[in-house]
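The values are calculated or read from the model by the stated rules, or taken from the named source; none is laboratory data. Values in this document were obtained by computation on a predicted structure and should not be read as measured data. Reconstructed Cβ throughout: ideal geometry from the backbone, glycine too, with neighbour counts over all protein chains shown.
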Amino acid sequence: MCLKESSWRWPVMHTSSNLVSAALSIIGDHFDGPTYAYPESGIFEMPNLKFEDVISPADLAGYARHWKADGARALGGCCGLTPDHIRAISNLSAEK
């Protein structure tokens with residue numbers, strides 16, 4: 001199956017929150033389609049991920065506010081993030 005350019009999406013996943021903005025910027029230099037941000041908050045130490053020093057929901061929402069302003073169309077989370085984190089960023093949808 002061939003993807004049409006209009007159907008392409010570019011997610012930034014499994015990336016620390018403090019690196020997502022830079023990744024979105026680099027993608028934006030080469031791609032004008034929709035982008036998404038799904039950060040993690042963990043450290044990989046063979047053979048597992050460790051969830052120490054997990055970002056707070058409020059701090060994640062602060063980063064996510066910038067990603068949204070920079071055009072990210074969907075925000076979420078993966079490894080190490082909890083429903084509290086998702087609630088914090090979902091509240092951004094009400095902001096103008």
- request: Kindly indicate whether H14 is at pLDDT below 90, touching an Asp or Glu at 6+ places or on another chain (Cβ under 9 Å) and surrounded by fewer than 16 Cβ atoms within 10 Å (Cβ to Cβ).
  value: yes
Strands (runs of 3 or more DSSP E) wholly inside region 34-80 containing at least 2 residues that are at pLDDT 90 or above: 35-40
- prompt: Only one of (1) out of contact with any Asp or Glu (no Cβ under 7 Å at 6 or more places or on another chain); (2) farther than 14 Å from A88 by Cβ fails for S41. Which number is that?
  reply: (2)
Selection count, region 48-61, where residues are farther than 17 Å from A23 by Cα and in contact with a helix residue (DSSP H, G or I) (Cβ under 9 Å, 6 or more places away or on another chain): 7
- request: Answer yes if at least one residue in region 12-25 is in a strand (DSSP E or B), of a type outside the set (A, V, I, L, M) and in contact (Cβ under 8 Å) with a residue 60 or more places away in the chain, and no otherwise.
  value: yes
Selection from region 81-96 of residues that are in a loop (DSSP other than H, G, I, E, B) and modelled with pLDDT of 90 or more: L81, T82
query: L75 fails exactly one of the following numbered conditions: (1) exposed (fewer than 14 other Cβ atoms within 10 Å of the Cβ); (2) within 16 Å of S17 (Cα to Cα); (3) in contact with a helix residue (DSSP H, G or I) (Cβ under 9 Å, 6 or more places away or on another chain). What is the number of that condition?
result: (1)
field: Whichever residue in region 26-72 is free of Cβ contacts under 8 Å to residues at least 40 places away in the same chain and polar (S, T, N, Q) and, among such residues, is surrounded by the most Cβ atoms within 10 Å (Cβ to Cβ)
entry: T35
